[in-house]
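Notes for the one structure printed next.
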């Protein structure tokens, strides 16, 4: 059965789909939310889409951004013409407008899309929410920065803003409530959500946010020296100029095939590999002002938190139990386990590596390795360190700072669910490193929010696994509905709000268990090290809070 809606740009015809997990929903795919970013629009902020005459079919996905997926398929796929979104609604004419959830996909700003091969709506829309997924420009196409008016950077983030503005303008036609929008994302998608919480371009476009396994203050979320990076790429492509205007013309003339899978090293550790997580080499930048052009982000992430996130926005954030299994793969798998036992450099936090001398780095590394090695096997030592350094500390640090400096409502979680839906550890080929002991790897939480259609995983509605799916999707959709993730009494537990005094969080497993002071020992370890190594920089929560309080006092 077909479904029709009238939006600002024309008439869309989608379809009514039976949900295998109960009920049905209206599906509208491949809706343009901006003009194709091609020709002179390459690297520029997105422009409004062109209206159309007659009825536009919305039963097929639009092209994904041109990309290479290094984990799944090395064959380039997609198109520069990729700014499309998808809307799934359980009721187009609901008596009461439905809450809206807008998903921002991860993939390191290198790969991914909003398509339902991974991010299908079936688990979420059964809880009476409207789901929106979308594509945005990636890698060089989305994040090249030359610090010029023509190529100021952050084009991919401005695509995300354009999608959120489209939602505000049109979602009521799909039964959604533009006044009740929750944005959520995982990994670099989570960091994107975090940036939207402070970006002036995003203010007023959403009411709530769910930040999964990544924040803007994680060391990999924002890059420095973007023009140097662009120059290195041009040299890699055979062009010797470092003049920004000449580089702009050069990159606009390049075939799209030259602008994916780009790895121009700028630092020696990038050339060697193995010393850090595979950092996105084209990512969010601190953007310069050019006339009246809108800037997505300017400044330093931790300093931005001194100003605070957008007033009144409620936030869930958290991480999975064994994030670092993914990091070990990015660092080199088996080889990295062997090398880390020989070289202390593997245990130097990135903030200290970039800001401290070799003596301080080695002292920090010895302290960290001794902490993690107590009673653990070598793979577990490295995995636990990678988990905390690459993801968990950034999440906890963000939560503590924001709860101290904002009156907003915050929730924190630790995700521990284990089942056949935890695909990443086995998919990355690292399971036997840990003796096939079940792990909850980075991105393993996605299987409890989305069907992951391309993996052909069976789902038994009577299984323990489905109970976990039901719990997770209820927590997320309850929060989207009213700001209280455990408003549904059927969950049998209350998720306490996070405070700096109690540091409350929820452990999400087969059972839902409230607790407090997550990873207390690891946090104290890092705070102690940072207070010694970076006493005059924003490297630690303790320093940040001491100085931010002083700065607030001086301002007042």
Quiz item: Given the conditions (1) at pLDDT 95 or above; (2) surrounded by 18 or more Cβ atoms within 10 Å (Cβ to Cβ), which single one is not true for residue 249?
Solution: (2)
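On the basis of being assigned to a helix (DSSP H, G or I) and within 22 Å of residue 287 (Cα to Cα), does residue 198 make the cut?
On the way: assigned to a helix (DSSP H, G or I): no; within 22 Å of residue 287 (Cα to Cα): yes.
Answer is no for this residue.
If I go through the range 511-527 residue by residue, how many of them are surrounded by 15 or more Cβ atoms within 10 Å (Cβ to Cβ) and either free of Cβ contacts under 8 Å to residues at least 60 places away in the same chain or more than 25 Å from the chain's Cα centre (by Cα) (or both)? Before you say what the answer is, go through the steps one by one.
Step one: of the range 511-527, the residues surrounded by 15 or more Cβ atoms within 10 Å (Cβ to Cβ) are 512, 518-519, 522-523, 525-527.
Among the residues that remain, those that are also either free of Cβ contacts under 8 Å to residues at least 60 places away in the same chain or more than 25 Å from the chain's Cα centre (by Cα) (or both) are: 512, 525, 527.
Counting residues in the range 511-527 that are surrounded by 15 or more Cβ atoms within 10 Å (Cβ to Cβ) and either free of Cβ contacts under 8 Å to residues at least 60 places away in the same chain or more than 25 Å from the chain's Cα centre (by Cα) (or both) gives 3.
Do we have any residue at all in the range 114-132 that's in contact with a strand residue (DSSP E or B) (Cβ under 7 Å, 6 or more places away or on another chain) and either within 29 Å of residue 253 (Cβ to Cβ) or modelled with pLDDT under 95 (or both)? So that I can check it myself, show each step before the final result.
In the first step, residues of the range 114-132 are kept if they are in contact with a strand residue (DSSP E or B) (Cβ under 7 Å, 6 or more places away or on another chain); the result is 114, 119, 121, 124-125, 128-132.
From the residues that got through so far, the ones that are either within 29 Å of residue 253 (Cβ to Cβ) or modelled with pLDDT under 95 (or both) too are none.
Scanning the range 114-132, I find no residue that is in contact with a strand residue (DSSP E or B) (Cβ under 7 Å, 6 or more places away or on another chain) and either within 29 Å of residue 253 (Cβ to Cβ) or modelled with pLDDT under 95 (or both), so the answer is no.
Determine, yes or no, whether residue 505 is in a helix (DSSP H, G or I), within 24 Å of the chain's Cα centre (by Cα), outside the structural domain of residue 211 (by TED's automatic domain parsing) and surrounded by 15 or more Cβ atoms within 10 Å (Cβ to Cβ).
No: the conditions fail for residue 505.
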Quiz item: Restricting the range 260-279 to residues that are under 14 Å from residue 225 (Cβ atoms) and assigned to a loop (DSSP other than H, G, I, E, B), which is modelled with the highest pLDDT?
Solution: 264
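Would you mind stating whether residue 177 is touching a residue at least 60 places away in the same chain (Cβ under 8 Å), surrounded by fewer than 22 Cβ atoms within 10 Å (Cβ to Cβ), closer than 28 Å to residue 60 by Cα and touching a helix residue (DSSP H, G or I) at 6+ places or on another chain (Cβ under 8 Å)?
Details: touching a residue at least 60 places away in the same chain (Cβ under 8 Å): yes; surrounded by fewer than 22 Cβ atoms within 10 Å (Cβ to Cβ): yes; closer than 28 Å to residue 60 by Cα: yes; touching a helix residue (DSSP H, G or I) at 6+ places or on another chain (Cβ under 8 Å): yes.
Yes; evaluated as a whole, the condition is true for this residue.
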Quiz item: Restricting attention to the range 64-90, which residues are touching a residue at least 40 places away in the same chain (Cβ under 8 Å) and either part of a loop (DSSP other than H, G, I, E, B) or not assigned by TED's automatic domain parsing to the domain that holds residue 257 (or both)?
Solution: 64, 66, 70, 71, 80, 81, 82, 83, 90
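Going through the range 225-252 one residue at a time, which ones are assigned to a loop (DSSP other than H, G, I, E, B) and without any contact (Cβ under 8 Å) to a residue 40 or more places away in the chain?
Pass one, the range 225-252, residues assigned to a loop (DSSP other than H, G, I, E, B): 225, 237-243.
Selection gives 237, 238, 239, 240, 241, 242, 243.
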Exercise. Among the residues of the range 433-451, write down those that are assigned to a loop (DSSP other than H, G, I, E, B) and touching a helix residue (DSSP H, G or I) at 6+ places or on another chain (Cβ under 7 Å).
Key: 439, 442, 443, 449, 450, 451
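Based on what the data block shows, is residue 93 under 30 Å from residue 23 (Cβ atoms), assigned to a loop (DSSP other than H, G, I, E, B) and without any contact (Cβ under 8 Å) to a residue 40 or more places away in the chain?
Numbers: under 30 Å from residue 23 (Cβ atoms): yes; assigned to a loop (DSSP other than H, G, I, E, B): yes; without any contact (Cβ under 8 Å) to a residue 40 or more places away in the chain: no.
The answer is no for residue 93.
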Quiz prompt | All helices (runs of 4 or more DSSP H) inside the range 304-368 with 3 or more residues being surrounded by fewer than 16 Cβ atoms within 10 Å (Cβ to Cβ) | solution = 334-340
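The values are calculated or read from the model by the stated rules, or taken from the named source; none is laboratory data. Here the structure is a predicted model, which is why all the values come from computation and not from measurement. FYI the Cβ positions are ideal-geometry reconstructions off the backbone, even for glycines, and counts take in every protein chain you see.
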